[in-house]
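Below is one structure; the comments refer to it alone.
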There are 2 protein chains.
Amino acid sequence: MEKPKHHIFVSASFRLTGKQKGFCQGKDAAEIVQMIAEEIDNQGVSDEIMVSTTGCLNLCDQGPIVIVYPENVWYGGVTSEDAEDIVSAVLGGTVVERLVIT
Amino acid sequence: MEKPKHHIFVSASFRLTGKQKGFCQGKDAAEIVQMIAEEIDNQGVSDEIMVSTTGCLNLCDQGPIVIVYPENVWYGGVTSEDAEDIVSAVLGGTVVERLVIT
């Protein structure tokens, strides 16, 4: 198995019951995942970056949340329009300052 | 916001539709999450370790998968009985060799 160099997680508010509910879901987390996946594909870096959904991170007032590991960068209030900037920052070893949760 | 020092992700086979399906789910990913959360609580380290579910990681034949970030350690074939060993390894800066995906 080849581990990805970077792993992007998008909070999608899944409860353990499997239900999607709440703030992140209302803000179209699924569309964020989709746009990040497309951006990874567009930039031809699917061997370097993986994108996954994650359940509720208990930061609902700052959602939707995107986390980049192993960098441990946390973004809040993310929209699908931020996908390109996030992927480019991951590849460039930088962060998208306007989205960073402090 | 205080970031966790360690973040454990458990694959729970959520599809973007919100449905849980497939191998990981059949193997009780929800119970693994529950046991890891209890172990974190038992050891009093909820300020250091966070546990979240994650969607399908496309490693279904090796599931259920548990990933530890920022360490970037990937475990396969995990059961709820491995929760204590996984949490203890995270805290001790080691890995559970028998579960590591190579």
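The values are calculated or read from the model by the stated rules, or taken from the named source; none is laboratory data. On a predicted model such as this, the values are computed, not experimentally measured, just so you know. Cβ coordinates were reconstructed from backbone atoms using ideal geometry, including for glycine residues, and neighbour counts include every protein chain displayed.
Just a few scattered comments:
- Residues (within 11 Å of chain B (Cβ to nearest Cβ) and among the aliphatic types (A, V, I, L, M)) located in the stretch A:40-53: A:MET50, A:VAL51
- The one condition in (1) modelled with pLDDT of 95 or more; (2) over 15 Å from the mean Cα position of the chain (by Cα); (3) of a type outside the set (Val, Ile, Thr) that B:HIS6 fails to fulfil: (2)
- Looking across the stretch B:11-28 at every residue that is within 21 Å of B:VAL90 (Cβ to Cβ) and at the interface with chain A (Cβ under 9 Å from one of its Cβ atoms), the one that is modelled with the lowest pLDDT is identified as B:ALA12.
- Residue match in the stretch B:54-61 (condition: more than 12 Å from chain A (Cβ to nearest Cβ), within 13 Å of the chain's Cα centre (by Cα) and in contact (Cβ under 8 Å) with a residue 24 or more places away in the chain): no
- Scan of the stretch B:62-102 for residues that are within 11 Å of chain A (Cβ to nearest Cβ) and in contact with a Lys or Arg (Cβ under 8 Å, 6 or more places away or on another chain), ordered by number: B:ASN72, B:TRP74
- Per-region count, the stretch B:73-102, residues part of a loop (DSSP other than H, G, I, E, B) and either under 22 Å from B:SER46 (Cβ atoms) or not polar (S, T, N, Q) (or both): 8
- In the stretch A:52-72, of all residues being of a type outside the set (Val, Ile, Thr) and in a strand (DSSP E or B), the one that is farthest from A:ILE36 (Cα to Cα) corresponds to A:TYR69.
- When the stretch A:45-77 is limited to residues that are over 21 Å from B:SER52 (Cα atoms) and of a type outside the set (Gly, Ala, Ser), the one that is surrounded by the most Cβ atoms within 10 Å (Cβ to Cβ) turns out to be A:VAL45.
- Among the conditions (1) over 21 Å from A:CYS56 (Cβ atoms); (2) among the polar types (S, T, N, Q); (3) surrounded by 15 or more Cβ atoms within 10 Å (Cβ to Cβ), B:SER80 misses just one, which is (1).
- For A:ALA89: the one exception among (1) surrounded by fewer than 19 Cβ atoms within 10 Å (Cβ to Cβ); (2) free of Cβ contacts under 8 Å to residues at least 24 places away in the same chain: (1)
- Per-region count, the stretch A:62-97, residues within 10 Å of the chain's Cα centre (by Cα) and among the small types (Gly, Ala, Ser): 3
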